[in-house]
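Student: Below is a structure I'd like to ask you about.
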Amino acid sequence: MMPLRCPDRPCQSSSKPNLKTVIRYGFYQTHWGRRRRFLCTRCRHTFCSTLGTVYYRLQHRRSTFDSVAVMSVEGVSKSSIARLQRIGWNTVDRWLEKAGGWCRRFNHLNIRKITVVELQADEIRALGGGGKAAQVWVFAAMEVCSRLWPSTVVHKRTYRNTLDLFQDILARVKSAQIPMIATDGFKFYRQVVKRVFGNAALYGQVIKKRRKDRVVKVVYRTTEPDDSARLGVLAP
């Protein structure tokens, strides 16, 4: 058995996992069978091994939960997932919301001090149940070499949200690192990139001209970095 931490923060054993302080303490019953319970001998707090994980209080098999998440990533609709897994639509919806929350928490805690060579930013429009009146925008940034999405912002298409995206990226990249940045022609990108990364950033825009939902022309705009500014930013 791997060492477990007591979830009770004031407990001394929460800082140092120890097999002698956390012991097995019987079982509790669920719809899919028994689950083991543990006891901290210092604070007498009982807990299950899934406490603090996405599987906490899950009344189904973990493999079913994992299958639902994988099928959603592959683009399968909630109705189809519910039919294939033989579970309720509301259960699928609740599980996906829970999985998404844990993924956001994981990214927030673990995407730190990453290496970003080339960064692409874009906005994706998503329509809610109310049509255009309920539309939201997903501001997303992708590191081209690793295909990693270091940051996303879901809200309206505004200057504030554009700034939040790039400030969050700046907080996650290695210090004094300025990537090459490419975006579309959205009006707030240029001023936000200059504000966050300064004149040292190599920045370019790819502007697509459309006619009847077809791309008829592509315009490229670049901004060369200021070498003096780059040296000033990168200086230790």
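Student: If we count every other residue with Cβ under 14 angstrom of LEU170's Cβ, Lys/Arg +1 and Asp/Glu -1, where does the sum land?
Tutor: Its environment carries a net charge of +3.
Student: Something else now. Quick check: from the Cα gyration tensor, does region 55-158 come out rounded (a/c under 1.5), prolate or oblate?
Tutor: Oblate shape, in that a/c is at least 1.5 and b/c is the bigger or equal ratio.
Student: While we're here: Tell me, Kirkwood radius of region 77-125 from alpha-carbon pair distances, in Å? Don't skip to the answer; put the middle values down first.
Tutor: Numbers: mean 1/r = 0.0730 Å⁻¹.
One over the average 1/r among Cα pairs gives 13.7 Å for region 77-125.
Student: Mark the label point 7 Å from the Cα of TYR159 along Cα→Cβ and return the residues of region 192-214 whose backbone N is within less than 19 Å of it.
Tutor: Inside the label zone: 192-199.
Student: Across region 196-208, in residue order, what do the Karplus-derived ³J(HN,Hα) couplings come to in whole Hz, using 6.51 cos²θ - 1.76 cosθ + 1.60 with θ = phi - 60° and x for Gly and Pro?
Tutor: 7, 9, x, 6, 7, 7, 8, 10, x, 10, 10, 10, 9
Student: Between ARG24 and ASP93, what's the calculated FRET efficiency when r is the beta-carbon distance and R0 is 25 Å? Round to 0.05. Walk me through the numbers on the way to the answer.
Tutor: Working: r = 35 Å, r/R0 = 1.41.
Calculated transfer efficiency: 0.10.
Student: Now for a different question. Give me a comma-separated list of calculated 3J(HN,Hα) values for region 143-154, in order, Karplus coefficients 6.51, -1.76, 1.60 applied at θ = phi - 60°, integers in Hz, x for any Gly or Pro.
Tutor: 7, 5, 5, 9, 6, 7, 9, x, 7, 9, 9, 10
Student: Give me the orientation-averaged projected area of the Cα convex hull of region 49-97, in nm², one decimal.
Tutor: Averaging across all directions leaves 3.3 nm² for the Cα convex hull.
Student: Holding the Cα-Cα limit at 22 Å, pick out from LYS174/LYS208; LYS113/LYS156; LYS113/LYS208; LYS187/LYS209; LYS187/LYS217; LYS98/LYS174 the pairs that are longer than that.
Tutor: Beyond 22 Å: LYS174/LYS208; LYS113/LYS156; LYS113/LYS208; LYS98/LYS174.
Every read-out reported here was derived from the displayed coordinates using simple, explicitly stated rules and does not represent laboratory data. Just so it is clear, the model here is predicted, and its values are computed rather than measured. So basically every Cβ, Gly included, is an ideal-geometry build from the backbone, and we count neighbours across all protein chains shown.
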